[in-house]
């Protein structure tokens, strides 16, 4: 009887532990799923927007930019498309010219007409403009749709209440029975013929140079500059940080001076990055004259100072994790201190061996 009671109690304890393990596993998996969902919710829009730099619906203006600035695409096919787009846009330009010379171009209608004319220039571009941002029209279809909405509807604000209220009123009724009326119908119905949108994969966005201060093109120089900064910072900071860590762990004697130096490293790790930026400008450029203006070298040296405390601390921890017997065995075989550090201690402290 007593044996059966003990067996039943043991079985119940085991069952309870299994239930607890399952409950903890469910909680752990639920936490992982919740964290993954949170990361997806936070980072999802970032990846979607980033993908939009490569995959989008490009207009004929995008293909013009690619041909004029990067010498890409079929020139003959593009010329045929440009001619078709020009013919589709001609009624818009005719309506603008007719209304500009008509007696109706005055008062409130003139204000709306000037806005419409400016938005048409944004939509289709102006080949006589000096800047590329004004020469080419909308290169993406979603931008073109936004500009079409600005043409079709006025944008005003009502400040009569406690809060400003946006008012978007149709423009077309204002120009009924005027020379500008055909423009609104053409923009509304034939915009695709005027811009010829097409699915586009911009594979060289990461390597192309930008055009006119990033109005068109890619981010090639910026990506390359970031790579140079990162490599330069590691080139400056890694040797200094590892050397400092070796000195802290193998040569320095514990005392007041040592505590002061460690406090300086900790303080350096807590300095805001903007302070490092101002220091780099004042010291590396204005004082020692690394360069006369913008400089990747000065930026890399400034970034090296920013990451130096992290490298020192990480190197110290890696060196401290090496078993003491490695060092003792090397020195017992006759290796000097520097040879032991160079051939035994540092290779053993590497994260990948």
Of (1) surrounded by 13 or more Cβ atoms within 10 Å (Cβ to Cβ); (2) free of Cβ contacts under 8 Å to residues at least 24 places away in the same chain, residue 258 fails just (1)
Selection status of residue 39, at pLDDT 80 or above and within 24 Å of residue 205 (Cα to Cα) = no
Of those in the range 153-169 that are assigned to a loop (DSSP other than H, G, I, E, B) and at pLDDT below 75, the residue surrounded by the most Cβ atoms within 10 Å (Cβ to Cβ) is 164
Note to self: residue 312 - would you say it is over 23 Å from residue 225 (Cα atoms), at pLDDT 90 or above, under 33 Å from the mean Cα position of the chain (by Cα) and in a helix (DSSP H, G or I)?
What the structure shows: yes
Of the conditions (1) at pLDDT below 95; (2) within 23 Å of residue 93 (Cβ to Cβ); (3) touching a helix residue (DSSP H, G or I) at 6+ places or on another chain (Cβ under 9 Å), the single one that residue 216 does not satisfy is (2)
Picked from the range 277-300 (must be outside any helix (DSSP H, G or I) and surrounded by 15 or more Cβ atoms within 10 Å (Cβ to Cβ)), the residue farthest from the chain's Cα centre (by Cα) is 290
Listed by first then second residue, the pairs whose first member lies in the range 168-195 and is free of Cβ contacts under 8 Å to residues at least 24 places away in the same chain, whose partner is outside any helix (DSSP H, G or I) and buried (at least 16 other Cβ atoms within 10 Å of the Cβ), with beta carbons under 6 Å and at least 6 positions apart or on separate chains, are 169/154
Flagged in the range 182-227 as assigned to a helix (DSSP H, G or I) and surrounded by 16 or more Cβ atoms within 10 Å (Cβ to Cβ), in numbering order, are 182, 183, 184, 186, 187, 191, 194, 195
Residue pairs within 7 Å by beta carbon, gap of at least six or interchain, first lying in the range 272-294 and in the same structural domain as residue 304 (by TED's automatic domain parsing) and more than 14 Å from residue 304 (Cα to Cα), second modelled with pLDDT of 85 or more and surrounded by 10 or more Cβ atoms within 10 Å (Cβ to Cβ), listed first then second, are 285/298; 290/284; 290/297; 290/298; 291/285; 291/297; 291/298
Given (1) surrounded by fewer than 13 Cβ atoms within 10 Å (Cβ to Cβ); (2) touching a residue at least 40 places away in the same chain (Cβ under 8 Å), residue 241 misses just (1)
Of those in the range 315-353 that are surrounded by fewer than 18 Cβ atoms within 10 Å (Cβ to Cβ) and touching a residue at least 40 places away in the same chain (Cβ under 8 Å), the residue nearest to residue 266 (Cα to Cα) is 320
Of the listed residues (129, 144), the one being touching a helix residue (DSSP H, G or I) at 6+ places or on another chain (Cβ under 8 Å) and either over 26 Å from residue 108 (Cα atoms) or exposed (fewer than 11 other Cβ atoms within 10 Å of the Cβ) (or both) is 129
Here the residues within the range 258-276 that are closer than 21 Å to residue 298 by Cβ and not in a loop (DSSP other than H, G, I, E, B) are 268, 273, 274, 275, 276
When every residue in the range 65-78 that is surrounded by fewer than 11 Cβ atoms within 10 Å (Cβ to Cβ) and assigned to a helix (DSSP H, G or I) is compared, the one nearest to the chain's Cα centre (by Cα) is 75
Selection status of residue 95, touching a helix residue (DSSP H, G or I) at 6+ places or on another chain (Cβ under 6 Å), surrounded by 15 or more Cβ atoms within 10 Å (Cβ to Cβ) and over 19 Å from residue 169 (Cα atoms) = yes
Notebook entry, point to check: Quick one: is residue 89 more than 30 Å from residue 177 (Cα to Cα), part of a helix (DSSP H, G or I), in the same structural domain as residue 175 (by TED's automatic domain parsing) and in contact with a helix residue (DSSP H, G or I) (Cβ under 8 Å, 6 or more places away or on another chain)?
Noted result: no
Problem - Any chance residue 195 is under 24 Å from residue 57 (Cα atoms), at pLDDT 95 or above and out of contact with any strand residue (DSSP E or B) (no Cβ under 8 Å at 6 or more places or on another chain) - result: yes
When restricted to 94, 118, 74, the only residue in the same structural domain as residue 173 (by TED's automatic domain parsing) and over 20 Å from residue 183 (Cβ atoms) is 74
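The values are calculated or read from the model by the stated rules, or taken from the named source; none is laboratory data. Predicted model, so just to flag it, every value in this text is computed and none were measured. So basically every Cβ, Gly included, is an ideal-geometry build from the backbone, and we count neighbours across all protein chains shown.
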